[in-house]
1. To two decimal places, what compactness ratio does the chain give when its Cα radius of gyration is scaled by 2.2 N^0.38 Å?
2. Under the classification rounded if a/c is under 1.5, otherwise prolate if a/b is larger than b/c and oblate if not, where does the stretch 81-161 fall, given a ≥ b ≥ c as square roots of the Cα gyration tensor eigenvalues?
3. Under a 5 Å amide H to amide H cut-off, with H placed in plane at 1.01 Å, what residues pair with R83 once short-range neighbours are removed?
4. Test of understanding: ordering H4, H146, H18 by Cβ neighbours within 10 Å, fewest first, what list do you get?
5. Jot down the radius of gyration and Dmax of the stretch 7-74, Cα atoms only, both in angstrom.
6. Suppose a student asked you for the relative contact order of the stretch 60-162, using Cα pairs under 8 Å spaced at least 6 residues apart; what percent would you report?
7. What does the helix-only formula give at 222 nm for the chain: each DSSP H stretch with n ≥ 4 adding -39500 (n - 2.57), the total divided by the residues, and the result rounded to the nearest 500 deg cm²/dmol?
Amino acid sequence: MDLHQLKANGLSLHEVLHRPSRKRRTLEELLADVHESFGCLPAPAVGELSRLCNCTTDEVRRAAYVQRVQILDAGCVLNPKTRVITVCRGNSCHRADGRRILDTVKEVLGCQPGDATRDGRFQLECAECLDYCEAGPAMAVDREVHTELTPKEVRRILAQIR
Ligand code: FES
C-alpha cells in the first residue's frame with residue numbers, strides 16, 4: 001500500500017511520518033502523531049516506522065500496544081468497529097503452550113498475524129509481551145487481556161464476540 005494514498009484529515013500517512021521536524025522524532029512521538037491523525041496505526045505504517053526508527057516491526061507493534069494505539073489493516077482503517085485480537089508470543093506464554101493459543105485464533109478467525117478477517121471485523125496481531133507473564137498464555141481482545149488461556153477458552157471468547 002502506498003503511504004501517500006492513505007489519508008486522514010487531509011494528510012497522507014507519508015506526510016505524517018515524514019513531517020519536517022527540528023529534531024528526529026522518536027518511535028513514541030511518531031506513533032502519537034499517526035494516532036492523532038488516523039485514530040489508529042494503519043498496518044502499512046508498521047514497516048515504515050521500523051525503518052525510520054531502526055527497530056524491528058515487533059518493537060513497533062509492542063510500542064503501539066503500550067501506547068494503546070490499535071494497528072489496523074489498511075482496508076479497515078475507516079472501520080472503528082474492528083476488534084483487535086492480540087496474542088502474546090513472549091517466552092513465558094510460549095512455555096505455557098501459547099503456540100496452541102495462536103493456532104486456535106488463526107483457525108477460528110481464518111487469518112494470519114498482521115492480517116484482518118475478510119469481513120474486516122477482526123484484526124489478528126501478536127505481541128512480544130502483554131505484561132501478564134505469570135498468568136500466561138495471554139491474549140487481548142482490544143485492550144481487555146485474557147489470561148491462563150486454553151484453546152477451549154479461546155474458542156469460547158471468540159464465539160462470544162463474533
Ligand atoms: S510473555 Fe506473555 S504476557 Fe508476558
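Since every read-out is calculated from the coordinates, none of them should be taken as a lab result. Because the structure is a prediction, the values reported are computed rather than measured. A quick note on method: Cβ atoms are made from the backbone with ideal geometry, for glycine too, and the neighbour counts reach across all protein chains shown.
1. Numbers: Rg = 16.0 Å, N = 162, 2.2 N^0.38 = 15.2 Å.
Taking the Cα Rg and dividing by 2.2 N^0.38 Å, one obtains 1.05.
2. Details: a/c = 1.69, a/b = 1.59, b/c = 1.06.
Note, shape of the stretch 81-161 comes out prolate.
3. F122, Q123
4. Numbers: H4 10, H146 18, H18 13.
The fewest-first ordering by Cβ neighbours comes to H4, H18, H146.
5. 10.8, 31
6. 32 percent
7. It comes out at -11500 deg cm²/dmol, rounded to the nearest 500.
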